[in-house]
Amino acid sequence: MNTYVLVPGFWLGGWAWEKVARPLREAGHDVHPVTLTGLGDRVHLATAETDLETHIQDIINVIVYADLHDVILVAHSGGGAPVTGAADRIPERVARVVYVDSGPQPDGMSHMDINEPEWTAFIEKRVAEQGGGTDYPLISWREQEQAGASLEGLGEAERERFASRATPQPYGTMTQPLKLTGGADRLPKTLITCSFPLEQVHAMIASGHPFFAALAGPEWSFDAVPTGHWPMFSKPEETAAALAALSG
């Protein structure tokens, strides 16, 4: 049986993995959904100093204090940066890193560095006007689509559940550059693509596209759960099955 540590993307807490964690546990796996500082039921812990290092340490602490080993460390969307950082710090406890509609963030870059200029300007304005300079509030579904996030599979019930529990993303987690040592470079890694066809992903890797170039190494494997950007809501059973198929 495998040990999973599940890290959600922006605005979400460990609650987002409920319908994925359940079938994994029923199959006998050990599952640890993570709520990062300032999000979900830990929203009251957010401060102006909450940054990417805070979230990296959150993940490390879950693994170390639960004495977890051979972990399959899973990142969804914006969870990619802190998961990459945590795997880099404690690779001896990680068996595999999995990116669900996400990817590894490069050394020395922040989330804001990889945005298109117009989207960077949009986020900065939203943070300044509605987030008090320290938080990135949940954006509308129309704005999500403008940002390139597919809403496929999200009906009214899923959207209402998402919006009712979402909390602002601490802005420091988006602006602090990721610092890597190369500790996780040789770890097995898997991309589970959802909103991009697997054929398109392979084509982007072959073409040397900068966002996909890091996926070209022999340590990478690939799978797909065809749906929108939030498979834990739109296809939780299929997402659980894809994770269960991985080896630790």
| query | For region 77-114 and region 187-248, what is the separation of their C-alpha centers, rounded to whole Å? | reply | 14 Å
| request: At 7 Å along the Cα-to-beta-carbon direction for both Glu92 and Glu18, put a label point, then send me their distance in nm to one decimal. | output: 3.8 nm
| said: Show me, bin by bin at 10 Å from 0, the whole-percent P(r) of region 87-143 based on Cα pairs. | reply: 18, 36, 28, 17, 1
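Would you please put 21-33, 108-120 in order of how densely packed they are, using the mean number of other Cβ atoms within 10 angstrom per residue and starting with the highest? Mind dumping the intermediate values first?
On the way: 21-33: 16.5, 108-120: 13.8.
Ranking, from highest mean packing down: 21-33, 108-120.
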| field | Calculated [θ] (222 nm, deg cm²/dmol) that DSSP helices of n ≥ 4 give over the chain, each run adding -39,500 (n - 2.57) | value | -10000 deg cm²/dmol
| message | Please give the charge dipole size of the chain, origin at the Cα centre, charges +1 on K and R Cβ atoms and -1 on D and E Cβ atoms. Round to the nearest 20 debye. | response | 280 debye
| field | lysines whose Cα lies under 20 Å from that of Lys19, excluding same-chain neighbours fewer than 8 positions away | value | Lys235
| remark: Taking Rh as the Kirkwood radius computed over alpha-carbon pairs of the chain and applying Stokes-Einstein at 37 °C with viscosity 0.692 mPa s, one gets a diffusion coefficient in µm² s⁻¹ of 182 µm²/s
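Does region 23-125 classify as rounded, prolate or oblate by the C-alpha gyration tensor (a ≥ b ≥ c root eigenvalues; a/c under 1.5 gives rounded; else a/b over b/c gives prolate, otherwise oblate)? Can you show the working numbers first?
Working: a/c = 1.86, a/b = 1.59, b/c = 1.17.
In terms of gyration-tensor shape, prolate.
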| Among Thr3, Val201, Ile114, whose Cα sits farthest toward the positive end of the charge dipole of the chain (+1 at Cβ of Lys/Arg, -1 at Cβ of Asp/Glu, about the Cα centre)? | Thr3
| request: Could you state the orientation-averaged shadow area of the convex hull built on the Cα atoms of region 1-44, in nm² to one decimal? | output: 2.9 nm²
| request: Excluding residues on the same chain fewer than 8 positions from Lys189, give the aspartates and glutamates whose Cα lies under 15 Å from its Cα. | output: Asp70, Asp88, Glu92, Asp101, Glu219, Asp223
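Below 8 Å between Cα atoms, with a sequence gap of 6+, how large is the relative contact order for the chain in percent? Can you show the working numbers first?
Values: 483 pairs, mean separation 61.4, N = 248.
Worked out over the chain, it gives 25 percent.
Neighbouring Cβ atoms within 10 Å as the yardstick, rank Glu124, Glu237 fewest first.
On the way: Glu124 17, Glu237 12.
Least to most surrounded, the residues fall as Glu237, Glu124.
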| remark: Taking the square root of 5λ for each eigenvalue of the C-alpha gyration tensor of region 116-248, the equivalent ellipsoid has semi-axes, largest first and in whole angstrom, of 28, 22, 15
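Computed from the coordinates by the stated procedures, all read-outs in this text should not be read as laboratory data. What you see is a predicted model; the values in this text were computed from it and never measured. Note that each Cβ is placed from the backbone with ideal geometry, even for glycine, and that neighbours are counted across all protein chains shown.
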